[in-house]
Amino acid sequence: MNRISTPIITDENTFGLFNYLDGTVRPSLYRNGAVMTKRDADGWDSGTVGMCLEAKELSVSNARSLRGDERRTCEVNGFELLNAPLEDDGSDFFDHDQIVRHYYGQCTELVAQNTGGRAYAFDHNIRSASGKQSQKRIVCGQPVQEPIHLVHGDYTLTSAPTRLRDLTRPPSGNDTLCSVLPAGESLIDPADAERALNGGRFAMVNVWRSITDTPVIVHPLALCDGRSVEPNDLVVFEIHYQNRIGENYFARHAPAHRWYFYPKMTRDEVLLIKQWDSAGALARSNGALADATEPSAPCTFSFHSAFEDPASPPDAPDRWSIEVRCMVIYD
């Protein structure tokens, strides 16, 4: 089957069900043990606490139909679609080593061009509902994961700077970069990280792409405009791994949230998703200010979630996607 190389443009918006934390869950900017999960040695959830959810049926705007100044950007809104055909280097998305050695470079180049900073790819996931069901694994890598139908952001006021500092140390255990970094070397120079953490700027941006020859129809990804999020919408979600504790932000619903998606994304497109930006008002103020207080300034992050599009035909092919996480250091 030939790849579709030009975007499919439609003007229709849609709607979908979005899983938020229930409004009775107290907002939190920092870890408190109220909402959490424990992960087993293979990275799967093995028990949760405080996960009280409510589903909201919400309008999702077609971001492809936006023109001119209405277009959403990674800098201001937290997400952006780019036309970025894959380099034909024969990379196999189901081989961990090939992804890290070949595809990571394409991702860092895209992120650096878009942000103006220095980009470093450090992790990735492959997602597919059928791949998770069949327990498919990446060669020399982790299992395929399912699309996440839960409104969330990947980092917090605590975990974002912690992740940057982690990348200044040599990888260990099952870290993604163990196979490519020479022994004793780190991805990011500690001095560069400290400058970014103390008066400078750093960000984390995901590069999201479909990896099949058919457009994304089922489990499309929706993005929430970062300027529509208030600190009171945030709830820390703790992830207790075998040797560390990670954090995400989950969300309580707010009527101000504005959701968008890019229907029928193709393999020749990528979606940049901002996971954290230390220059955002929410980040700079330690959660005292919302990003909407500075409309033209960078947002801190974009909530995102997979959702069920009612326009999807029942026999549509499954979504297979890859997301590569990149750290950005600004000079």
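Bear in mind these aren't lab numbers, they're just calculated from the coordinates by the rules spelled out. Nothing here was measured: the structure is a model prediction, and the numbers come from that model. Here the Cβ positions follow ideal geometry from the backbone for every residue, glycine too, while neighbour counts run over all protein chains shown.
Quick one: Cα centre-to-centre distance for region 210-264 and region 136-200, in angstrom?
Spelled out, the Cα-based centre of one part sits 19 Å from the other.
Per residue, how much space in cubic angstrom lies within the convex hull of the C-alpha atoms of region 240-303? Can you show the working numbers first?
Numbers: hull volume 11.1 nm³, N = 64.
Expressed per residue, the convex hull around the Cα atoms of region 240-303 is 173 Å³.
With contacts defined as alpha carbon pairs under 8 Å and 6 or more residues apart, what's the relative contact order of the chain in percent? Each step should come with its number before you reach the end.
Values: 773 pairs, mean separation 103.9, N = 331.
Relative CO of the chain lands at 31 percent.
Would you mind calculating the gained length between Asp213 and Asn243 on full extension (0.36 nm times residue separation, minus the Cα-Cα distance), in nm to one decimal? Spell out each step's value before the answer.
Values: separation 30, 0.36 × 30 = 10.80 nm, distance 3.86 nm.
Extending this stretch completely gives an extra 6.9 nm.
Just to compare against my own numbers: the Cα pair-distance distribution for the chain, 20 Å bins, whole % per bin, please.
31, 63, 5
Which of the lysines could a cross-linker bridge to Lys264, judged by Cα under 24 Å and excluding same-chain residues fewer than eight apart?
Lys56, Lys132, Lys274
Let me have the 222 nm mean residue ellipticity of the chain computed from DSSP H runs of 4+ only, each contributing -39500 (n - 2.57), with the sum over all residues rounded to the nearest 500. Please list the in-between numbers first.
Details: 5 runs with 37 residues, N = 331.
Theoretical 222 nm ellipticity from helices: -3000 deg cm²/dmol.
At 7 Å along Cα-to-Cβ for each site, give me the label-to-label distance between Leu86 and Asn174 in nm.
Distance between the two pseudo-spin positions: 2.5 nm.
Before anything else, pin down the relative contact order of region 55-148: Cα pairs under 8 Å, at least 6 apart, normalised by residue count, whole percent. Intermediate values should be presented prior to the final figure.
On the way: 72 pairs, mean separation 17.6, N = 94.
Relative contact order comes out at 19 percent.
Quick one: P(r) of region 203-331 from all Cα-Cα pairs, 10 Å bins, percents rounded to integers, in order of increasing distance.
11, 36, 34, 17, 2
Under a point spin-label approximation (7 Å from Cα along Cα-to-Cβ), what is the Asp95-Glu109 distance to one decimal in nm?
2.0 nm
If packing is taken as the average count of other Cβ atoms within 10 Å, what order do 240-249, 144-153 fall into, highest mean first? Before the final figure, lay out the partial values.
Details: 240-249: 15.6, 144-153: 19.1.
Averaged packing, sorted descending, gives the order 144-153, 240-249.
For a Förster distance of 56 Å, can you work out the FRET efficiency between the beta-carbons of Ala191 and Arg26, rounded to the nearest 0.05? Numbers along the way, then the final one.
Numbers: r = 39 Å, r/R0 = 0.70.
Working from the Cβ atoms, E equals 0.90.
Can you list the HN-Hα couplings for region 227-233, worked out from phi with the Karplus curve (6.51, -1.76, 1.60; θ = phi - 60°), rounded to whole Hz and with x for Gly and Pro?
For region 227-233, the Karplus curve yields 6, 9, 9, 10, x, 5, 7 Hz.
Treating only the Cβ of Lys, Arg, Asp and Glu as charged (+1, +1, -1, -1), what charge dipole size does region 45-175 show about its Cα centre? Round to the nearest 20 debye. Before the final figure, lay out the partial values.
On the way: 14 positive and 19 negative charges, 48 e Å.
Once rounded to the nearest 20, the dipole reads 220 debye.
Straight-line reach from Lys136: which aspartates and glutamates have a Cα under 15 Å away, not including same-chain ones fewer than 8 places off?
Lys136 reaches Asp42, Asp92, Asp95, Glu146, Asp318.
Would you mind computing, in nm to one decimal, how far apart the modelled labels at Thr158 and Leu181 are, each placed 7 Å from Cα along Cα→Cβ?
Calculated label separation equals 2.3 nm.
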